[in-house]
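Notes to accompany the following structure.
The values are calculated or read from the model by the stated rules, or taken from the named source; none is laboratory data. Only a predicted model underlies this, so the values are computations on that prediction, with no experimental measurement involved. Here the Cβ is made from the backbone with ideal geometry for all residues, glycine too, and neighbour counts use every protein chain on show. These accessible areas exclude ligands, DNA and RNA; they are computed on the full protein's heavy atoms, side chains included. Shrake-Rupley method; radii C 1.70, N 1.55, O 1.52, S 1.80 Å.
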Protein chains: 2
Amino acid sequence: MTVKLVVLYTQPEDTDSFEQHYAGTHMPLVEQIPGLQRTETGLVGAAADGGEMTFHRITELYFADQDAMQSAFGSDEGMATAADYQKIAPAGSRMFVVPVED
Amino acid sequence: MTVKLVVLYTQPEDTDSFEQHYAGTHMPLVEQIPGLQRTETGLVGAAADGGEMTFHRITELYFADQDAMQSAFGSDEGMATAADYQKIAPAGSRMFVVPVED
C-alpha cells in the first residue's frame with residue numbers, strides 16, 4: 001500500500017527566503033531520498049472554509065510502502081533532508097504519515 | 001494547472017460513526033461532484049514529527065483547474081457535499097485549496 005508523508009508548512013516569517021530555501025536546497029535534498037516515488041507540492045491558495053491561512057505550502061512524498069518509507073528516512077539522504085527540515089520548517093509545521101487507500 | 005482541495009479532518013468523538021458516515025454517505029456524495037478528476041484519502045497513521053495526532057483523516061479532491069473546482073462547488077452535487085461536510089467534519093477540521101505545481 002502506497003504511503004505518503006504529508007508536510008504542512010505554516011506561514012514563514014520571510015516568504016521569499018523560505019521559497020528560495022525550499023526550491024534551492026530542500027527539494028534537491030528530497031529528490032535524493034532513496035525509494036522516493038514522487039513528490040507533490042503547492043502553495044496554499046485559499047482557506048476553502050473561510051478560516052485562517054494556517055499553512056503556506058503543503059508537500060507530499062510518496063513511497064511504495066511503509067518499509068520503503070522507513071528505509072528512506074533511515075538513509076543518509078533521508079537524514080540530511082530531516083536535518084534541513086528542521087532549518088526550513090516554520091514553527092508549528094507538521095508531518096503526518098498517511099497510508100493511501102485504494 | 002491541477003487544483004486540489006485538501007481536507008484535514010480532526011479526531012472525531014466517535015471514530016466508528018465518523019468512518020461509517022464517511023464511507024457510506026460522504027464519499028458517495030463526493031463522487032457525484034461534476035468535474036472531479038480523482039480523490040485520494042487515508043487515515044493518518046502517525047505524526048512523523050512526534051507531535052499530536054491532530055488529524056484523523058486527510059482527503060484530497062482533484063480538479064483540472066481553478067474554474068473546474070469553482071463550477072464543481074457551485075453545482076447541486078457540490079453544495080450537497082458541502083452541506084454534508086458540515087455534518088461530518090469534527091470541530092477544527094480544515095479545507096485548503098492548493099494548486100499543484102508541475
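Relative to the isolated chain, which residues of segment B:84-98 have their accessible area cut by 20 Å² or more in the presence of all protein chains (1.4 Å probe, heavy atoms, no ligands or nucleic acids)?
With the partner chains in place, segment B:84-98 has these residues losing at least 20 Å²: B:R94, B:M95, B:F96, B:V97, B:V98.
Distances from B:Q70 to the same residue in each other copy, label points 7 Å out along Cα→Cβ, in nm, shortest first?
4.7
One quarter of the convex hull surface, Cα atoms only: what value does that give for chain A in nm²? Don't skip to the end; give the middle numbers.
Details: hull surface 26.9 nm².
Projected area, direction-averaged: 6.7 nm².
Ignoring the sites themselves, what is the longest stretch of chain A with no GluC sites (Glu not before Pro) in a DSSP loop and at most 13 other beta-carbon atoms within 10 Å? Don't skip to the answer; put the middle values down first.
Details: sites that count: A:E13, A:E31, A:E52.
Excluding the exposed sites themselves, the longest stretch runs over A:53-102.
Please compute the net charge surrounding B:P34, taking Lys and Arg as +1 and Asp and Glu as -1 over other residues with Cβ under 15 Å from its Cβ. Don't jump to the answer; show the numbers that get you there.
Values: positive: B:R38; negative: B:E31, B:D65, B:D67, B:D76, B:E77.
Here the charged neighbours net out to -4.
What does the net charge come to around B:A64 if you take all other residues with beta carbon closer than 12 Å to its beta carbon, with K and R at +1 and D and E at -1?
Working: positive: B:K4, B:R38; negative: B:D65, B:D67.
That sum, taken over residues with Cβ under 12 Å, equals 0.
Using alpha carbon centroids, what distance separates segment B:63-102 and segment A:81-101, in Å?
Spelled out, the Cα-based centre of one part sits 25 Å from the other.
Below 12 angstrom from the Cβ of B:E19, what's the summed charge of the other residues (Lys, Arg +1; Asp, Glu -1)? Could you put the intermediate results ahead of the total?
On the way: positive: B:R57; negative: A:E101, B:D14, B:D16.
Cβ neighbours under 12 Å give a net charge of -2.
Per residue and in Å³, how big is the convex hull formed by the alpha-carbon atoms of segment A:23-72? Walk me through the intermediate numbers first.
On the way: hull volume 5.1 nm³, N = 50.
Normalising the Cα hull of segment A:23-72 by residue number yields 101 Å³.
Please give, to one decimal in nm, the separation of the simple spin-label points placed at A:T25 and B:H21, each 7 Å out from Cα toward the Cβ.
My value for the distance between the label points is 4.4 nm.
Just how many % of Cα pairs in segment A:52-96 lie over 12 Å apart, if you round to the nearest whole percent?
On the way: 686 of 990 pairs.
So the pairs more than 12 Å apart make up 69 percent of the total in segment A:52-96.
If you put a point 7 Å past Cα along the Cβ direction, how far is that point for A:R38 from the same point in each other copy, in nm, smallest first?
0.6
Determine the dipole magnitude for the protein assembly as shown: charges of +1 sit on the beta-carbon of Lys and Arg, -1 on that of Asp and Glu, nothing else is charged, the reference point is the Cα centre, and the result goes in debye to the nearest 20.
Working: 10 positive and 32 negative charges, 27 e Å.
Approximately 140 debye in magnitude.
May I ask you to derive the FRET efficiency for B:Q32 and B:E101 from their Cβ-Cβ distance with R0 = 35 Å, giving the value to the nearest 0.05? Before the final figure, lay out each step's value.
Working: r = 29 Å, r/R0 = 0.82.
Using R0 = 35 Å, I get an efficiency of 0.75.
Counting protein heavy atoms only and a 1.4 angstrom probe, how many square angstrom of accessible surface do chains B and A bury in total, to the nearest 100?
On the way: alone 6100 and 6110 Å², together 9750 Å².
The contact between A and B buries close to 2500 Å².
Please report, in whole Å, how far the alpha carbons of the protein assembly as shown spread along each principal axis, starting with the longest.
Between the extreme Cα coordinates on each principal axis of the protein assembly as shown lie 49, 35, 27 Å.
Of the options A:S17, A:P99, B:M79, report the single residue whose Cα projects farthest towards the positive end of the charge dipole of the protein assembly as shown (beta-carbon charges: Lys, Arg +1; Asp, Glu -1).
After comparing all options, I get A:S17.
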